[in-house]
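**Student:** This is the structure I want to talk about, given as structure tokens.
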Amino acid sequence: MLKSIGYAAQNEKTPLAPLAFERQEPEEKDVQIEILYCGVCHSDVHQVRNEWQNTVYPCLPGHEIVGRVVKVGSAVTKFKAGDLAGVGCMIDSCQSCTPCKEGLEQYCEGPKGWTATYNGPQKPDGTNTFGGYSNNLVVTEKFVLKVPENLDLKAVAPLLCAGVTTYSPLRHWKVSSGQKVGIVGLGGLGHIAIKLAKAMGANVTVFTTSPEKEVDARRLGADDVVLSTDRDAMSQHQLSFDYILSTIPTSHDINPYINLLKRDATLTLVGALEPLEPGLNNSQVAFHRRSVAGSLIGGIAETQEVLDFCREHGIVSDVEVIPIQQINEAYERMLKGDVRYRFVIDIALLQQEFDRG
């Protein structure tokens, strides 16, 4: 067994704290990674606090993982010791259903669906999976990504979730040069979505409730910024958008944005998984044959695609690096919107916590 250390919550009311545990040694198709950086996703907070009512404790989060390969199994062909590697939201899937065969593992239709990097449960023994708030990870080769050498590693980490979560719908709904695209919310997902949409050639408008974010939105590449609480400003954009992506991670009112779509255009939600409040006004959808859709992370091939796209265009996340000892404070700051725009944990300081203990 591989001795491991990390930070985990023991129940929904306890803070994250040091945890010593064991991982399985790598088998013939596995890659062992020494974790260097791990991004902090808003879904980590949801999961740790059992807000989706499916958390298995102890819960050790982290699915935006960048590190260096230290060992590979005998059947591994794509990685060797010393390579940079990344792991996102998934570490396994059934590999036999139609979505998996099409490279869409995030929509796995197998009996148990895909296996999450943390809060699994792990297949086939049913034990829980522990994520990237730790010093190491062992993952089957198919679910390991090649990390670009030319990008800042700590700023690459959020691309493994926030990056592919926004890239996937932008690609699926064929965002392209000259289109008018709206990004709702300027946070961990929204700031990457701006950069990706601009690199795809779109004219990008950011919708925010925070006037002070206009300067940052334009710095990130936005062509226009609209205060979504300003009805007059919103009305000036009716029937003008080819596509809108909502990145708000909680339930919110999407009806004002539907009015901004052209006929046959789509609004996609990637942040909120709970019911919308207030509900959808379908008359706004029906009268212009608009669509409201959802999207869930991305498959492994698409995750590699976004890493390669970001390498080509020099795109990384805007991050604030923290020691893991500050993770609980970081959660509270994130809930207040006090981060520009993604926390990333420097895992190098993790060992110090255990050495002191």
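**Student:** Inspect the range 21-43 for any residue being in contact with a strand residue (DSSP E or B) (Cβ under 9 Å, 6 or more places away or on another chain), surrounded by 22 or more Cβ atoms within 10 Å (Cβ to Cβ) and free of Cβ contacts under 8 Å to residues at least 60 places away in the same chain and give the result as yes or no.
**Tutor:** no
**Student:** Return the only residue of Leu186, Leu170 being assigned by the TED database to the domain that holds Arg263, under 26 Å from Trp52 (Cβ atoms) and in contact with an Asp or Glu (Cβ under 8 Å, 6 or more places away or on another chain).
**Tutor:** Exactly one residue qualifies, and that residue is Leu186.
**Student:** From the list Leu170, Leu151, Leu245, which residue is surrounded by 18 or more Cβ atoms within 10 Å (Cβ to Cβ) and part of a helix (DSSP H, G or I)?
**Tutor:** None of the others qualify; the one that does is Leu170.
**Student:** State which residue pairs qualify: first residue under 30 Å from Gln95 (Cα atoms) and inside the range 282-302, second residue modelled with pLDDT under 95 and surrounded by 13 or more Cβ atoms within 10 Å (Cβ to Cβ) in any location, beta carbons under 7 Å apart, and separation of 6 or more residues or different chains.
**Tutor:** Cβ pairs passing all conditions: Val292/Leu280.
**Student:** For residues that are open to solvent by 10 Å² or more (accessible area, probe 1.4 Å) and touching a helix residue (DSSP H, G or I) at 6+ places or on another chain (Cβ under 8 Å), scanning just the range 119-146, find the one that is farthest from Thr77 (Cα to Cα).
**Tutor:** Filtering first and then ranking leaves Asn119.
**Student:** Ser228: touching a Phe, Trp or Tyr at 6+ places or on another chain (Cβ under 8 Å) and more than 22 Å from Ser168 (Cα to Cα), yes or no?
**Tutor:** yes
**Student:** Could you list, in sequence order, all residues of the range 248-274 that are open to solvent by less than 40 Å² (accessible area, probe 1.4 Å) and part of a strand (DSSP E or B)?
**Tutor:** Selection gives Leu261, Ala265, Thr266, Leu267, Thr268, Leu269.
**Student:** Say we look at the range 63-101 and pick out the residues that are of a type in the set (Ser, Thr, Tyr) and assigned to a loop (DSSP other than H, G, I, E, B); which of these is nearest to Asp30 (Cα to Cα)?
**Tutor:** Ser74
**Student:** Filter the range 201-210 down to the residues that are in a strand (DSSP E or B) and either open to solvent by 60 Å² or more (accessible area, probe 1.4 Å) or within 25 Å of His313 (Cα to Cα) (or both) and list them by number.
**Tutor:** Answer for the range 201-210, where residues must be in a strand (DSSP E or B) and either open to solvent by 60 Å² or more (accessible area, probe 1.4 Å) or within 25 Å of His313 (Cα to Cα) (or both): Asn203, Val204, Thr205, Val206, Phe207.
**Student:** In addition: Quick one: which of Val156, Val76, Val72 is β-branched (Val, Ile, Thr), within 14 Å of Glu34 (Cβ to Cβ) and in contact (Cβ under 8 Å) with a residue 24 or more places away in the chain?
**Tutor:** Answer to the selection: Val72.
**Student:** Looking only at the range 219-240, filter to residues that are over 14 Å from Gly182 (Cβ atoms) and part of a loop (DSSP other than H, G, I, E, B); which one of those is most open to solvent (accessible area, probe 1.4 Å)?
**Tutor:** Thr229
**Student:** Now for a separate question. Does the range 211-218 include one or more residues that are assigned to a loop (DSSP other than H, G, I, E, B), touching a strand residue (DSSP E or B) at 6+ places or on another chain (Cβ under 9 Å) and modelled with pLDDT of 95 or more?
**Tutor:** No, the range 211-218 contains no residue that is assigned to a loop (DSSP other than H, G, I, E, B), touching a strand residue (DSSP E or B) at 6+ places or on another chain (Cβ under 9 Å) and modelled with pLDDT of 95 or more.
The values are calculated or read from the model by the stated rules, or taken from the named source; none is laboratory data. All figures in this text were calculated on a predicted structure; none of them were measured in a lab. Here the Cβ is made from the backbone with ideal geometry for all residues, glycine too, and neighbour counts use every protein chain on show. Side chains are part of the model used for accessible areas, which takes the heavy atoms of the whole protein and leaves out ligands, DNA and RNA. Shrake-Rupley method; radii C 1.70, N 1.55, O 1.52, S 1.80 Å.
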